[in-house]
Amino acid sequence: MRIALAADHAGVVLKDRVKRALDERHLNYDDFGTTSKTSVDYPDYALRVARGIASGTYDRAILICGSGVGMAMAANKVPGVRAASVTNADAARLSREHNDANVVTLGARSLRTNTALEIIDAFLATPFAGGRHQRRVDKITAIERGAEKIQ
């Protein structure tokens, strides 16, 4: 599995902890930054990672900002990206199982480190269930492509 990782200034400390956890699990990732607490604009980092997901260069991604919301909003503007801002491992599991989420976003200001790591473990370990959920993901894709009506 190819993983992309990025954070803004509010998420850089949590991102460093996530990197250590990914290293401990022997998972391969590319870090798209940032590397300091100096203020940066989260859409820049979300876009870099989202383009990697949309192109197929990466299978999954982890984005971290203060709330997790801004990163999700920015990443979801890129066709092919299904970013889920989640606050617990069960939501991460369901985002993968039911929605085929390919990006998880985390809020560094509201999550404890252990919870964030549980979320990541669930997100990375859970496969997409397909079946009836595929129909729904297909409808999301149709909306993304500008469908006026979905059935």
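Quick rundown of the values:
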item: Residues being of a type in the set (Lys, Arg), surrounded by 15 or more Cβ atoms within 10 Å (Cβ to Cβ) and either in contact with a helix residue (DSSP H, G or I) (Cβ under 9 Å, 6 or more places away or on another chain) or at pLDDT below 95 (or both) - total across region 50-78; result: 1
item: Looking only at region 17-49, and only at residues there that are surrounded by fewer than 16 Cβ atoms within 10 Å (Cβ to Cβ) and of a type in the set (Val, Ile, Thr), the one that is farthest from the chain's Cα centre (by Cα); result: THR38
item: Segments classed as helices (runs of 4 or more DSSP H), wholly inside region 58-151, with at least 3 members that are under 21 Å from VAL18 (Cβ atoms); result: 69-75, 89-97, 113-125
item: Residues located in region 1-16, provided they are among the charged types (D, E, K, R) and surrounded by 15 or more Cβ atoms within 10 Å (Cβ to Cβ); result: ARG2, ASP8, LYS15
item: Check on ASP90, under 13 Å from the mean Cα position of the chain (by Cα) and either on the phi < 0 side of the Ramachandran plot or hydroxyl-bearing (Ser, Thr, Tyr) (or both); result: no
item: Selection within region 108-126 - within 12 Å of the chain's Cα centre (by Cα) and surrounded by fewer than 18 Cβ atoms within 10 Å (Cβ to Cβ); result: none
item: Single match in ARG93, ARG135, ARG109 (criterion: of a type outside the set (A, V, I, L, M, F, W, C) and in contact (Cβ under 8 Å) with a residue 60 or more places away in the chain); result: ARG109
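Listed here are the residues, each with its yes/no results for (1) out of contact with any Leu (no Cβ under 7 Å at 6 or more places or on another chain); (2) in contact (Cβ under 8 Å) with a residue 12 or more places away in the chain; (3) part of a strand (DSSP E or B); (4) of a type in the set (Lys, Arg).
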residue: ALA21; (1), (2), (3), (4): no, yes, no, no
residue: THR35; (1), (2), (3), (4): yes, yes, no, no
residue: VAL40; (1), (2), (3), (4): yes, yes, no, no
residue: ALA46; (1), (2), (3), (4): no, yes, no, no
residue: ARG51; (1), (2), (3), (4): yes, yes, no, yes
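The values are calculated or read from the model by the stated rules, or taken from the named source; none is laboratory data. Since this is a predicted model, take the numbers as computed values, not measurements. A quick note on method: Cβ atoms are made from the backbone with ideal geometry, for glycine too, and the neighbour counts reach across all protein chains shown.
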